Amino acid sequence: MRLLTHNMLSSNIKGVTNGFPLRIEVEKVVEKQVDLSPAFLRNMFSKIEWKALVDASHSFGYAELPEQADASMLDSEDFLRKFHHALLELHLEEGALICPETGRRFPVSKGIPNMLLHEDECIMMTVDKLKTTDPPSPQ
Amino acid sequence: MWYLCVFYHRLLDYRKAEVESLSHLFGASDVEEENDKAHSLEWRLPQHHHPDSPFHFVNLPSEDIARKIANRSILVKGMYEVWGEGDSYEELEESVKSFPEERKLPYLDSESSFKINVDSFGKALTFQEQNQRMQALNFIPFKGRVNLKNPDHKFWLMETDDSGSNNGLPPIVQRRIFFGREIGGADRKLIPTYQLKSRTYLGPTAMDAEMAFLMANQALATPGKLVYDPFVGTGSILVGAAHFGAMTMGADIDIRVVRDGRGPDCNVWSNFKQYGLSMPIALLRADNNLPPWRTGLKEMFDAIICDPPYGVRAGGRKSGGRKLLKGAVSPYVVPDDKRTDHIPSTAPYSLVECVHDLLDLASRMLVMGGRLVFFFPVLREDDCVVVNNYPEHECFKLISASEQILSSRYSRVLLTMVKISPYTKEIAEAARIKHMEFKENHLKWLEDGNLHSAVFSPADSKSSAGDEGKLSKDPKPKYRGKYV
């Protein structure tokens, strides 16, 4: 899982109001080289939650990204390279994504995050019949 | 400028749509207008030809655009600048002679090399016949050298008979001979290279290579763009988009398909590696019914391409246990000690709900002008489509619907929609209410939308008795139109 994906995902468990950003539990990070495409990076920049990307890259041990960024920085080749590296070249191969509100673990194995919810975590047709249960307490 | 566009005689319904999409991609309509003109071109048929004819004339702004379209297209055999045409060789000669000299001479000079191809539709010409026809072109002052392998200019002589004089030729063309200069042509190696039988990892519903490329063309896949498939399976659709340089991303509810495949070198990743394509940006396990996107994330993808599960070959699944949906009194709660390794059960997903979710996802996650390209099944009876209600959404405009007939009972239609208005709070709220409605009437939707029984149930005796008279007359019409 690349950090671009991490930047898009949140915990969608029933009752969770702010499931973003997911905390990253690292077991194994791998680097895979990807061709740099300035057009793609420019396209993605405006859609990225910058702080979440910076924090996530820290959890991978990558500290090169500036704390703040704006579109004018895209003209710098150095910035583009770092942005590219953080966004696309660092992969979480094994580990987990942790819901910030409930502590629910979404496992990442072989690079694939498993975002599927358990039966009792999704909004169901029987939701009205249920008394509103509190989300499981954080671990 | 008018060009002769010759198609391969297959997937007839898809041909013009593909050329129109590609002309949009290559900037034939430079303004992003929201009127119909932005997505359609001017077409003209040769004299007395039927719309199913492989010969069409198309009006394009420049030769450069015509070349780009032809070189990338899957269904265009070639684009030609016509130097002359006629019903007979005498007429052809007259016509070529009257074509302006200044447009011919640059391609006939002694510095260049050339080659003449002789081609025919609906008939085969022997080698001698081809040679004869080439000799007959000696009224054209070719000065260059002949180079069969790598000529600078390729000329084509194409002819077709009419069905009256050539029994077996579909009644869609009249005898016509064209002579012209090739502007561009399809890459014939593309489909054999990517054909499914060479693919390491396949699923039961893998999209064939030709169709995957057509879908990628409809989606305007190109470098720098991000294309998403919410029902990615073995990735066969994304392979097409990746070939054209787009970044890809896919999700599937079945984790075995996306994560494990059939081994370390037989999985979704290996399907991309095999062709030297860049790997998908991301593969994840997620449910399109409950997508895991963060709040505020929108206009992320340039295109969404998919073949939703419509319950004929494979049925859709969504989150939520089967038991719960059948109205069990107490909801299923996963015991805390079993949570880590719990495998959630899934419930069947009706087509209507699936399409609703897809449109909602696309209206939120596509950029303005982004394209949603997906297959939608329709039922057929007596060789025509029973109902023709394609899904609609206020954010989208349908720009093409191309039918591919799969059996006498049903066909699938490739729908191409363009996002024309932004996703507003009101639209989101309406979608949420609809979402809840689906939850509440889950079983009803499953029964209503059961395409599987319509496609596979035995024909009722009454209608088959009525059909017998018809069947004995002409069980298989000679010309089958869209069936090719």
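The values are calculated or read from the model by the stated rules, or taken from the named source; none is laboratory data. If you're wondering where the values come from, they're calculated on a predicted model, not measured in any experiment. Neighbour counts run over all protein chains shown; Cβ positions are idealised from the backbone, glycine included. SASA here: full protein model, heavy atoms, side chains in, ligands and nucleic acids out. Shrake-Rupley method; radii C 1.70, N 1.55, O 1.52, S 1.80 Å.
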*Do we find that B:Asp187 is at negative phi, assigned to a loop (DSSP other than H, G, I, E, B), in contact (Cβ under 8 Å) with a residue 60 or more places away in the chain and of a type in the set (D, E, K, R) in this structure?*
yes
_Which listed residue is out of contact with any Cys (no Cβ under 8 Å at 6 or more places or on another chain), open to solvent by 30 Å² or more (accessible area, probe 1.4 Å) and modelled with pLDDT of 75 or more, from B:Pro348, B:Pro331_ = B:Pro348
*asked:* Within the stretch B:309-321, does at least one residue satisfy the condition of being at pLDDT 85 or above and more than 10 Å from every other protein chain (Cβ to nearest Cβ)?
replied: yes
*asked:* Which of the numbered conditions does B:Met249 fail, given that it passes all the others? Conditions: (1) facing chain A (nearest Cβ under 7 Å); (2) not in a helix (DSSP H, G or I).
replied: (1)
*For the stretch A:51-63, name all the residues that are in contact (Cβ under 8 Å) with a residue 12 or more places away in the chain and touching a helix residue (DSSP H, G or I) at 6+ places or on another chain (Cβ under 9 Å).*
A:Ala52, A:Leu53, A:Val54, A:Ala56, A:Ser57, A:Phe60, A:Tyr62
_Filtered residues of the stretch B:254-277 (kept if facing another protein chain (nearest Cβ under 7 Å) and open to solvent by 30 Å² or more (accessible area, probe 1.4 Å))_ = B:Arg259
_Top-ranked residue in the stretch B:90-127 [being among the aliphatic types (A, V, I, L, M) and within 16 Å of B:Asp161 (Cα to Cα); ranked as most open to solvent (accessible area, probe 1.4 Å)]_ = B:Ala124
*Test each condition in (1) within 12 Å of another protein chain (Cβ to nearest Cβ); (2) in contact with a strand residue (DSSP E or B) (Cβ under 7 Å, 6 or more places away or on another chain); (3) surrounded by fewer than 17 Cβ atoms within 10 Å (Cβ to Cβ) for A:Met8 and report the one that comes out false.*
(3)
*asked:* Within the stretch B:457-466, does at least one residue satisfy the condition of being crowded, with 16+ Cβ neighbours inside 10 Å and either β-branched (Val, Ile, Thr) or modelled with pLDDT of 70 or more (or both)?
replied: no
*For the subset of the stretch B:389-411 comprising residues that are over 20 Å from B:Val352 (Cα atoms) and in a loop (DSSP other than H, G, I, E, B), which member is farthest from the chain's Cα centre (by Cα)?*
B:Ser408
